Amino acid sequence: MILEVLDRILAIPKYILEHTCLKRQCIELLKPGRVPRHIGFIMDGNRRFAKERGLPTRDGHRAGTRALIHALESCFEIGIKEVSIYAFSIENFNRPKEEVDDILNLLKDNIKKISEKSIIQKHKVRFRIVGNKDLIEPSILADLERIEDTSKTDQTTKFLNVCFAYTARDEIARSIQQIATKRGSQCMSKTEITERVVVENLDVGGLGMPLDVLVRTSGHTRLSDFLLWQCSSNCKIVFLDTLWPSFRFWELYTVLMRWSFEQTIVHSRHAIWGVPASQKVVSIRLLPACPPFASVSKQVKPTPG
């Protein structure tokens, strides 16, 4: 019954919800419930969007930029604390040079637009570059780091992780390299290398909050080497048919409504039945002491009473 009501609510034509007043009401409806702290976006579909409309590829990327600005505004207004976006994969360097140059130039403009739109100041957002900085062109890296430094304030309450020159495999490899460096300098013993240590050395791990929701647009059901470690535990992965430039508040609202409803059900079950054993974290230090040693190969004479 509840699911039927939810489906009817989500069946409202999306163009109606784009109206400012209704959008505000929908945001206020979401806030009292459970809202994800950290959401990630694989922004796919810019090129296909342009191709379907007979436009140059760069126009598709520009349309994607507008969709990104609207998505960020909505996320921070709803109360999401951290957003991670897949801006540029290391694999994208293999694309034609002209397209790569267009994307890189567009990235510089996008970052300026985000700062000029006052998203960072309005919502007290800290801007962070995530990825292999050795692969980023120095002039672009300088602009990104300048905005990154400017956004570092004591009033920061939210975070925007721009994953640029990034893949999850490269992130994990660099995490292991950092641990190996510490190990080589005798700063860390072998027994101290744990899963938690690996997470603390990740780009998106030690820095931020656990990933709650990962959204990929364009209909492809793959993660494209994005946040593989982070989405492996208690993360809802959503694949949408919508191309990224067509991603609007309605798509985001639908994802968050379903996530909030599912989380409410899960927490209600936990309150009644307890947390499943598979989700409990057990520390070796908290286990009971081992039983006294007993030999099964050697007979021990009883001591006289």
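Key figures for this structure:
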item	result
Criterion: at pLDDT 80 or above, in a helix (DSSP H, G or I) and either under 21 Å from ASP143 (Cβ atoms) or more than 19 Å from the chain's Cα centre (by Cα) (or both) - qualifying residue of CYS75, CYS21, CYS26	CYS26
Top-ranked residue in the range 129-139 [being outside any strand (DSSP E or B) and buried (at least 17 other Cβ atoms within 10 Å of the Cβ); ranked as modelled with the lowest pLDDT]	ILE136
Subset of the range 117-128 (residues that are of a type in the set (Val, Ile, Thr) and at pLDDT 85 or above)	VAL125
Among (1) touching a residue at least 40 places away in the same chain (Cβ under 8 Å); (2) within 23 Å of THR167 (Cα to Cα); (3) in a helix (DSSP H, G or I), the one test that ASP101 misses	(1)
Number of the condition not met by LYS112 [criteria: (1) out of contact with any Lys or Arg (no Cβ under 9 Å at 6 or more places or on another chain); (2) modelled with pLDDT of 90 or more]	(2)
Any pair with Cβ under 9 angstrom, 6 or more apart, that starts in the range 194-212 at a residue that is surrounded by fewer than 15 Cβ atoms within 10 Å (Cβ to Cβ) and ends at one that is at pLDDT below 85	GLU200/GLY206
Hits in the range 144-171 - residues which are surrounded by 15 or more Cβ atoms within 10 Å (Cβ to Cβ) and farther than 16 Å from TYR86 by Cβ	ILE147, GLU148, SER151, LYS158
LYS124 out of contact with any Phe, Trp or Tyr (no Cβ under 8 Å at 6 or more places or on another chain) and surrounded by 13 or more Cβ atoms within 10 Å (Cβ to Cβ)	yes
Number of positions in the range 62-107 that are touching a Cys at 6+ places or on another chain (Cβ under 7 Å) and surrounded by fewer than 17 Cβ atoms within 10 Å (Cβ to Cβ)	0
Qualifying residue in the range 83-97 (condition: among the β-branched types (Val, Ile, Thr) and more than 17 Å from ASP203 (Cβ to Cβ))	no
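Residues checked against (1) out of contact with any Ser or Thr (no Cβ under 9 Å at 6 or more places or on another chain); (2) charged (D, E, K, R); (3) closer than 21 Å to ASN201 by Cβ:
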{"residue": "GLY131", "(1), (2), (3)": "no, no, yes"}
{"residue": "GLU137", "(1), (2), (3)": "yes, yes, no"}
{"residue": "THR150", "(1), (2), (3)": "no, no, no"}
{"residue": "GLN155", "(1), (2), (3)": "yes, no, no"}
{"residue": "TYR166", "(1), (2), (3)": "no, no, yes"}
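The values are calculated or read from the model by the stated rules, or taken from the named source; none is laboratory data. From a predicted model like this one, the values you see are computed outputs, not experimental measurements. Every residue, glycine among them, receives a Cβ derived from its backbone with ideal geometry; neighbour counts consider all protein chains shown.
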